[in-house]
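First up is the structure itself, then whatever we jot down about it.
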Amino acid sequence: MTPHSLAFYLDVVMSGTVLGAKPTDQPDRVTGRLGTEFAENRSGRHHMWRDYGLAEFFWQRESGDGPWAGHHFTLQVHRLTYGGKVVNGEIRTRYGRFARRLRFAKLQRLLENRGTVLREIPSGQDPCYRLFWNPESWTCVSVIGAKEEYRTPDDLRVGDVYGITAPMTPDEVAWRTAR
């Protein structure tokens, strides 16, 4: 049986959603799924993100009074090493306790057992992070590839998941591969 927190990560990587909230969803729909425990941040009138602790959703809009368009979400998995209440209530209620680290090898093995194979994509000149992509859900898993002071979190080890982001489009994967 898969521990509950691992089931959460499997659901996210395989579906490209967080509790069913898509990266393209409107802010109210995401809040309807993840709950009202969030901090809202803005960069000018055209960019907004909501921090739900472990999950952050990002939006943009063309004009200051126009509708928000979902851009992406990121699971800030590295925050779990801080301890405390990082996982918001909706996720915690559904999936239970979360370990302070997520080992990529374990996640990868469980995904492969379910028929999902992640493809490694070049991460540029940065050996500190490795990127793995699910072409079905357009989800990207960032993994610590090498430790370097001031470039990687002290509390993570090589092979720990740093974060999970969606979407990473095939065009972005092609661009990264061509670099």
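The values are calculated or read from the model by the stated rules, or taken from the named source; none is laboratory data. Only a predicted model underlies this, so the values are computations on that prediction, with no experimental measurement involved. Quick reminder, even Gly has a Cβ in these numbers, built from the backbone with ideal geometry, and neighbours come from all protein chains shown. Accessible surface areas use protein heavy atoms only, side chains included; no ligands, DNA or RNA. Shrake-Rupley method; radii C 1.70, N 1.55, O 1.52, S 1.80 Å.
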Report task. For His71, enumerate residues with amide H under 5 Å from its amide H, sequence gap 5+ or separate chain, H modeled in the peptide plane. Result -> Phe58, Trp59, Gln60
Report summary line: Computed over the chain, the Cα gyration tensor eigenvalues, each multiplied by 5 and square-rooted, give semi-axes in Å (largest first) of 25, 20, 17
Query raised in the report: At a Förster radius of 45 Å, what calculated FRET efficiency corresponds to the Cβ-Cβ distance of Tyr82 and Val117, to the nearest 0.05?
Result: 0.90
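Whole number in Å², please: accessible area per residue of the chain, 1.4 Å probe, ligands, DNA and RNA not counted.
Values: 9550 Å² over 179 residues.
Accessible area per residue, the chain: 53 Å².
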Requested in this report: Would you please classify the overall shape of segment 87-179 from the alpha carbon gyration tensor, given that a ≥ b ≥ c denote the square roots of the eigenvalues, rounded means a/c under 1.5, and beyond that prolate means a/b larger than b/c while oblate covers the rest?
Outcome: oblate
Query raised in the report: If you place +1 on the Cβ of every Lys and Arg and -1 on the Cβ of every Asp and Glu, how big does the dipole about the Cα centre of the chain come out, in debye to the nearest 20?
Result: 520 debye
Requested in this report: Go ahead and set up a Gaussian network model of the chain, Cα springs under 10 Å, then flag whichever of Tyr129, Tyr162, Tyr82 fluctuates most.
Outcome: Tyr82
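Counting only protein heavy atoms and using a 1.4 Å probe, what share of the accessible area of segment 35-124 belongs to carbon plus sulfur, as a whole percent?
Numbers: 2260 of 5030 Å².
The nonpolar share, carbon plus sulfur, comes to 45 percent.
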Query raised in the report: Roughly how many Å is it from the Cα centre of segment 15-39 to that of segment 76-149, as a whole number?
Result: 19 Å
**Report entry** Cα-projected label distance for Tyr150 with Ser43, points at 7 Å along beta-carbon direction, nm
**Finding:** 2.2 nm
Query raised in the report: Magnitude of the Cβ-charge dipole of segment 15-62, K/R +1 and D/E -1, about the Cα centre, nearest 20 debye?
Result: 120 debye
